[in-house]
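Take a look at the structure below.
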Amino acid sequence: MAAITLDGKAVAAKVREEVAADVAEIGSIGLTTVLVGDDPASDVYIRAKHKAATAVGITANDIRLPADIPQPELLDRLGTLNDDDAVDAILVQLPLPGHLDEARAIEAIHPDKDVDGFHPLNAGRLYLGRPALVPGTPLGIMRLLAEYEIETRGAHAVVVGRSAIVGKPIAHLLLQAHATVTICHSRTVDLQKHTLDADILVAAAGQLHLIGADMVKAGATVVDVGMNRTDEGLFGDVDPSAAEIAGHLTPVPGGVGPMTVAMLLKNAVTAARARRGLVSSAT
Ligand code: NAP
């Protein structure tokens, strides 16, 4: 029997409706994005984020900086945004041009305005189990699981990938949701042995069709984070044949992707609420 689709498009639409209601309640929310240089892919991402933000009533400000901006100047600009009371949320589009230190740029954003959840303080809070701003992709995965009532408590979750923006944060969120978590990576010996034992399998390796049907446990929930662009289109890390074995599966496209942007908007609400003292960012 074919797996049930975890419909990221539909759930993302629901999240956007919630955010629109939140924005109306709060009054106004300011999101500022910073794009350094003119990378075409980054330009597409920034436009998509602005369109999504504007559609839910968030005031989105698009700062474009020259590709050769010196590091101190970039840090200065971020400092100005930190001090600007009209700015609730700051996003620096990655990757930055090679001469700029991404880690320093992320650390220059005030943690309370760090809408991407990449700042070490926010990563540390997640590690400690008291998250504030969490990266949109893992947050979106958790929302998808909740929406389809996938049981995480006591489940064995296997995460393939250990990046700071997907693998590690989703592993922590699953752990916090009482799953038993295994993290696999490129040096894992016998990946199949681990994935076959997963009740929840998160594939975030960026390797086209890495996860075959023979690596999926019958009835498992499979979350495909991979975005592999080929001449034939966009494909995930999970081979389509896995749909015959899995119980639930996220499609690519239309699964995790739409959730990422929706949860970014949700994070802007979280940041705005915390800054206005409506909830504590430390809880
Ligand atoms: P990344 O930084 O390149 O990390 C990839 C991870 O996968 C690494 O930890 C790597 O292990 C591991 N890996 C690579 N090949 C492997 C293999 N053969 N077996 C087991 N593990 C392997 O990538 P990322 O930023 O986390 O993104 C992962 C994928 O998700 C990409 O396709 C990306 O485009 C996609 N993505 C999608 C969204 C979305 O919104 N849908 C958002 C973010 C990312 P090592 O650590 O040992 O190198």
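The values are calculated or read from the model by the stated rules, or taken from the named source; none is laboratory data. These numbers come from a predicted model, not from an experiment. With ideal geometry, Cβ positions are generated from the backbone for all residues, glycine too; neighbour counts draw on all protein chains shown. Surface areas here come from the heavy atoms of the whole protein model, side chains and all, with no ligands, DNA or RNA. Shrake-Rupley method; radii C 1.70, N 1.55, O 1.52, S 1.80 Å.
Scan region 38-56 for residues that are under 15 Å from residue 24 (Cα atoms) and surrounded by fewer than 14 Cβ atoms within 10 Å (Cβ to Cβ) and jot them down.
Quick first cut of region 38-56, residues under 15 Å from residue 24 (Cα atoms) only: 53-56.
Once the filter is applied, which keeps residues that are under 15 Å from residue 24 (Cα atoms) and surrounded by fewer than 14 Cβ atoms within 10 Å (Cβ to Cβ), region 38-56 yields 54, 55.
Given the conditions (1) at positive phi; (2) buried (at least 17 other Cβ atoms within 10 Å of the Cβ), which single one is not true for residue 12?
It is condition (1) that residue 12 fails.
What do you reckon, is residue 59 among the hydroxyl-bearing types (Ser, Thr, Tyr), more than 19 Å from residue 110 (Cβ to Cβ) and open to solvent by 30 Å² or more (accessible area, probe 1.4 Å)? Can you show your working first?
Numbers: among the hydroxyl-bearing types (Ser, Thr, Tyr): yes; more than 19 Å from residue 110 (Cβ to Cβ): no; open to solvent by 30 Å² or more (accessible area, probe 1.4 Å): yes.
Judged against the criteria, residue 59 is not a match.
Does residue 234 satisfy the condition of being within 16 Å of the ligand (Cβ to nearest atom) and outside any helix (DSSP H, G or I)?
Values: within 16 Å of the ligand (Cβ to nearest atom): yes; outside any helix (DSSP H, G or I): yes.
Against the criterion (within 16 Å of the ligand (Cβ to nearest atom) and outside any helix (DSSP H, G or I)), residue 234 qualifies.
Keeping to region 176-209, report how many residues are in a loop (DSSP other than H, G, I, E, B), open to solvent by less than 30 Å² (accessible area, probe 1.4 Å) and within 11 Å of the ligand (Cβ to nearest atom). Don't jump to the end; show me each part of the working.
Just the residues of region 176-209 that are in a loop (DSSP other than H, G, I, E, B), to begin with: 177-179, 185-190, 196-199, 204-209.
Retained after the next criterion (residues that are open to solvent by less than 30 Å² (accessible area, probe 1.4 Å)): 177, 179, 198, 204.
Filter once more, so that each one left must be within 11 Å of the ligand (Cβ to nearest atom): 204.
Going through region 176-209 one residue at a time, the tally reaches 1.
Which ones in region 145-170 are within 18 Å of residue 257 (Cα to Cα), among the aliphatic types (A, V, I, L, M) and surrounded by 23 or more Cβ atoms within 10 Å (Cβ to Cβ)?
Residues satisfying the conditions are 145, 159, 160, 166, 170.
Got at least one residue in region 87-104 being open to solvent by 60 Å² or more (accessible area, probe 1.4 Å) and within 16 Å of the ligand (Cβ to nearest atom)? Write out each step before concluding.
First, the residues of region 87-104 that are open to solvent by 60 Å² or more (accessible area, probe 1.4 Å): 95, 98-99, 101-102, 104.
This time we only want the ones that are within 16 Å of the ligand (Cβ to nearest atom), so: 95, 102.
Among the residues of region 87-104, at least one is open to solvent by 60 Å² or more (accessible area, probe 1.4 Å) and within 16 Å of the ligand (Cβ to nearest atom), which makes the answer yes.
Among the residues of region 117-154, how many are more than 16 Å from the ligand (Cβ to nearest atom), free of Cβ contacts under 8 Å to residues at least 60 places away in the same chain and aliphatic (A, V, I, L, M)?
Residues that pass the stated criteria total 3.
In region 212-250, what residues are open to solvent by 30 Å² or more (accessible area, probe 1.4 Å), in contact (Cβ under 8 Å) with a residue 40 or more places away in the chain and of a type in the set (Val, Ile, Thr)?
Correct list: 245 only.
Tally up the residues in region 156-175 that are near the ligand (Cβ under 9 Å from one of its atoms) and either farther than 16 Å from residue 203 by Cβ or not in a strand (DSSP E or B) (or both), please. It would help to see each step written out before you state the result.
Within region 156-175, the first condition is being near the ligand (Cβ under 9 Å from one of its atoms), and the residues that meet it are 160-168.
In the following step, the residues that additionally are either farther than 16 Å from residue 203 by Cβ or not in a strand (DSSP E or B) (or both) were identified as 161-168.
Adding up the residues that qualify gives 8.
Identify all residues within region 18-33 that are free of Cβ contacts under 8 Å to residues at least 12 places away in the same chain and either part of a helix (DSSP H, G or I) or surrounded by 13 or more Cβ atoms within 10 Å (Cβ to Cβ) (or both); write none if there are none. Can you show your working first?
Looking only at region 18-33, we keep the residues that are free of Cβ contacts under 8 Å to residues at least 12 places away in the same chain, and these are 21, 25, 27.
Passing the criteria: 21, 25.
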